[in-house]
Amino acid sequence: MNPVLSVIAPIFNEHDSLPELYRRVSGVLDGLGETWELILVDDGSSDGSTDIIRGLAQQDVRVRPVIFARNFGHQIAVTAGLDYSRGDAVVIIDADLQDPPELIADMVAKWREGYEVVYAVRAEREGESWFKLFTASLFYRMIYRITDVKIPLDTGDFRLIDRAVVNVMNSMRERHRFLRGMAAWVGFKQIGLPYKRSARFAGETKYPFRKMFKLALNAVTSFSYFPLQLATWIGFIAAGISAIFIPIVIIERLAGLQAFAGQATTLVMVLFLGGVQLISLGILGEYIGRIYDEVKGRPLYIVRDAPKKNDETGD
Ligand code: UDP
Ligand code: MG
């Protein structure tokens with residue numbers, strides 16, 4: 001029998017949070033009176049989290065460990081969780097308890113009302129640096145503006161997703177993944193639930209600036225051609241300006257004036273346009289690199305150890 005609820009937690013060195021995560025999640029799920037499974041995806045931890053995950057799985061058969069061969073990143077870890085999940089509804093939650101498991105009860109209530117995606121909106125955040133808050137806020141607003149899908153503001157991956165939507169998302173095997181964008185792109189009946197995002201239970205953030213930047217880049221390139229179009233727009237503007245200025249310069253020269261004389265003007269223009277061209281090339285390269293990655297068709301992740309994808313169901 002498949003469980004009604006699957007809860008997925010991606011884990012990268014969350015040694016100190018894991019027992020508490022299991023305690024709180026199992027408490028909430030037992031209280032709901034539904035059958036459940038907790039999928040713990042070990043994303044190449046090196047701090048002993050793997051042993052704790054195996055221990056929890058031994059102690060409780062509802063805990064299903066998926067152990068990666070190395071660190072593949074948060075979005076890929078959640079993807080693996082979605083692949084292995086069997087529930088009618090799937091909840092994605094951070095392992096550091098910044099997302100309160102107690103909200104799962106409210107999510108399930110909304111799901112019962114007929115919503116197929118219930119995403120949690122970060123109305124308040126505590127215990128995070130001003131830099132994180134500022135960059136996160138900027139990130140969500142920028143993504144909202146320039147992408148073609150309306151991805152809800154201030155919303156992370158903490159959400160409940162119905163099996164129908166999970167199946168669609170599982171069929172989207174793109175490599176550079178931005179799951180909250182994919183969930184919005186899919187459509188279906190969606191609703192937001194505001195919540196207060198707490199401080200980490202233990203440890204440090206596993207999302208340094210480098211990883212946040214990569215996620216932002218994936219979000220933009222996966223859901224928008226805006227950066228590619230930027231080059232076109234700058235090109236049109238530069239061409240427009242020269243169409244106006246070239247005749248003016250010619251007339252001035254013929255009239256014997258010296259307004260744009262000298263190497264400085266030339267140098268400034270060459271450097272500026274050279275810069276713009278190199279940036280445009282870089283943007284092109286970014287998209288081409290992504291095409292190359294897709295074409296290679298490597299697996300999204302490699303598991304060292306995992307339960308069979310649909311064990312107990314026989315299919
Ligand atoms: N995580 C992961 N792989 C990574 C980085 C993070 O599985 O490469 C997990 C991490 O263990 C946590 C979740 O993703 O459960 C969110 O990470 P974190 O709390 O560090 O991000 P933040 O909340 O600071 O944005
Ligand atoms: Mg966190």
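Kindly list, by first and then second residue, each pair from a residue in the range 73-94 that is over 19 Å from residue 120 (Cβ atoms) to a residue that is within 15 Å of ligand 1 (Cβ to nearest atom) and assigned to a strand (DSSP E or B), limited to pairs with Cβ atoms under 6 Å and residues at least 6 apart or on different chains.
From residues that are over 19 Å from residue 120 (Cβ atoms), the pairs are 80/41; 80/66; 84/39; 84/66.
Among the residues of the range 187-202, which ones are farther than 21 Å from residue 102 by Cβ, out of contact with any Gly (no Cβ under 8 Å at 6 or more places or on another chain) and open to solvent by 30 Å² or more (accessible area, probe 1.4 Å)? Spell out how you get there, then give the answer.
Here is the first cut: in the range 187-202, the residues farther than 21 Å from residue 102 by Cβ are 187-190.
Checking the rest, the ones that are also out of contact with any Gly (no Cβ under 8 Å at 6 or more places or on another chain) come to 187-188, 190.
Residues satisfying the conditions are 188, 190.
Is one or more of the residues making up the range 159-174 open to solvent by 40 Å² or more (accessible area, probe 1.4 Å) and within 16 Å of ligand 1 (Cβ to nearest atom)?
Within the range 159-174, not a single residue is open to solvent by 40 Å² or more (accessible area, probe 1.4 Å) and within 16 Å of ligand 1 (Cβ to nearest atom).
Residues that are more than 16 Å from ligand 2 (Cβ to nearest atom) and among the aromatic types (Phe, Trp, Tyr): find the strands (runs of 3 or more DSSP E) completely inside the range 67-170 holding 1 or more of those. Before you say what the answer is, go through the steps one by one.
On the way: elements: 89-92, 117-125, 155-162.
Answer list for the range 67-170: 117-125.
Tell me, which residue of the range 82-101 that is more than 10 Å from ligand 1 (Cβ to nearest atom) and open to solvent by less than 10 Å² (accessible area, probe 1.4 Å) is nearest to residue 219 (Cα to Cα)? It would help to see each step written out before you state the result.
Residues of the range 82-101 more than 10 Å from ligand 1 (Cβ to nearest atom): 82-91, 100-101.
Okay, now just the ones that are also open to solvent by less than 10 Å² (accessible area, probe 1.4 Å), so 82, 85, 87, 89-91, 101.
On the way: 82: 19, 85: 24, 87: 27, 89: 25, 90: 22, 91: 21, 101: 26 Å.
Top of the filtered list is 82.
Anything in the range 52-81 that is touching a Leu at 6+ places or on another chain (Cβ under 7 Å) and within 9 Å of ligand 1 (Cβ to nearest atom)? List them, or say none.
75, 76, 78 - these are the residues of the range 52-81 that are touching a Leu at 6+ places or on another chain (Cβ under 7 Å) and within 9 Å of ligand 1 (Cβ to nearest atom).
How many residues does the range 203-219 hold that are among the charged types (D, E, K, R), touching a residue at least 60 places away in the same chain (Cβ under 8 Å) and outside any helix (DSSP H, G or I)?
Counting residues in the range 203-219 that are among the charged types (D, E, K, R), touching a residue at least 60 places away in the same chain (Cβ under 8 Å) and outside any helix (DSSP H, G or I) gives 1.
Can you tell me which condition residue 17 does not meet? The list is (1) more than 20 Å from residue 105 (Cβ to Cβ); (2) away from ligand 1 (no atom under 13 Å from the Cβ), and all the others hold.
(2)
For the range 171-181, give me the residue count where each residue is in a loop (DSSP other than H, G, I, E, B) and among the hydrophobic types (A, V, I, L, M, F, W, C).
Filtering the range 171-181 down to residues in a loop (DSSP other than H, G, I, E, B) leaves 171-178.
Adding the requirement that they be among the hydrophobic types (A, V, I, L, M, F, W, C) leaves 172, 178.
Result for the range 171-181: 2.
The values are calculated or read from the model by the stated rules, or taken from the named source; none is laboratory data. Computed from a predicted model, the values in this text were never measured in an experiment. No Cβ is skipped: glycine too gets one built from the backbone with ideal geometry, and neighbour counts run over all protein chains shown. Quick note on the areas: whole protein, heavy atoms, side chains included, nothing else; ligands and nucleic acids left out. Shrake-Rupley method; radii C 1.70, N 1.55, O 1.52, S 1.80 Å.
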